[in-house]
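I have placed the structure first, in the form of structure tokens, so that the comments after it can refer back to it.
The values are calculated or read from the model by the stated rules, or taken from the named source; none is laboratory data. Since we're looking at a predicted model, the values are computed, not measured. Virtual Cβ from ideal backbone geometry, glycine too; neighbours counted across all protein chains shown.
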Amino acid sequence: MKNIRYFILGALPLLLFFACNSSTDSTTEWYNQNKAVYDQIKADTENWKPLPSDTVLSWPQGVYYHEISKGDGTEHPIQTAKVTVNYKGYFLNDSTRLFDEGGTADFVVNQVVRGFGVALQNMVAGDEWKICIPYHLGYGTSSYTIQAYSTLFFDVKLLAIEQYPK
């Protein structure tokens, strides 16, 4: 019995080493895949446009969009606005790698991931966009329900805006 305990204690560091290396390798591979896809989006200036960076509102750089259709609205939502959208979220610009399909949903602009909020603030009612959000404006470097270093893609149609405060 004592020998089994020593064997388990001796094998534990080895198991942890392989588990950690495997995780690191898969994280590095995922990071590289996502970086490559994001770099392709940045290079495709014919189809993808960067959202403007605004130092006054501290909008970060890095969100890209592809306009599918233009809305007839004139008002952009502010950070505290409630918006109604149709949306679908997926990884690696591959709609089969779906992570969220919200259908019609209501959000407060400043209560979604930063890149999604930045995109919403540049849209008007009726706009339909495909959005690319780099990991640093999405879920970042930590894995929760979304894997770390994920470049996020959303198909979004902004249906309505309710500004608050008015």
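Points to keep in mind about this one:
- Of the residues making up region 82-94, those that are of a type outside the set (Phe, Trp, Tyr) and surrounded by 13 or more Cβ atoms within 10 Å (Cβ to Cβ) are LYS82, VAL83, THR84, VAL85, ASN86, LYS88, GLY89, LEU92, ASN93.
- GLN121 touching a residue at least 40 places away in the same chain (Cβ under 8 Å), in contact with a helix residue (DSSP H, G or I) (Cβ under 8 Å, 6 or more places away or on another chain), not in a loop (DSSP other than H, G, I, E, B) and not hydrophobic (A, V, I, L, M, F, W, C): yes
- So THR141, is it in contact with a Pro (Cβ under 9 Å, 6 or more places away or on another chain) and β-branched (Val, Ile, Thr): no
- Residue in region 53-72 that is at pLDDT below 90, assigned to a loop (DSSP other than H, G, I, E, B) and among the aliphatic types (A, V, I, L, M) present: yes
- The number of residues in region 111-139 being touching a Ser or Thr at 6+ places or on another chain (Cβ under 9 Å) and either exposed (fewer than 14 other Cβ atoms within 10 Å of the Cβ) or at positive phi (or both) comes to 1.
- Options GLN121, GLN79; residue that is farther than 28 Å from GLU46 by Cβ and of a type outside the set (Asp, Glu): GLN79
- Taken over region 77-117, the criterion of being assigned to a helix (DSSP H, G or I) and touching a helix residue (DSSP H, G or I) at 6+ places or on another chain (Cβ under 7 Å) is satisfied by VAL109, ASN110, ARG114, GLY115, GLY117.
- Residues of region 124-165 satisfying the condition of being within 19 Å of ILE41 (Cα to Cα) and among the aliphatic types (A, V, I, L, M): ILE131, ILE133, LEU137, LEU152, VAL156
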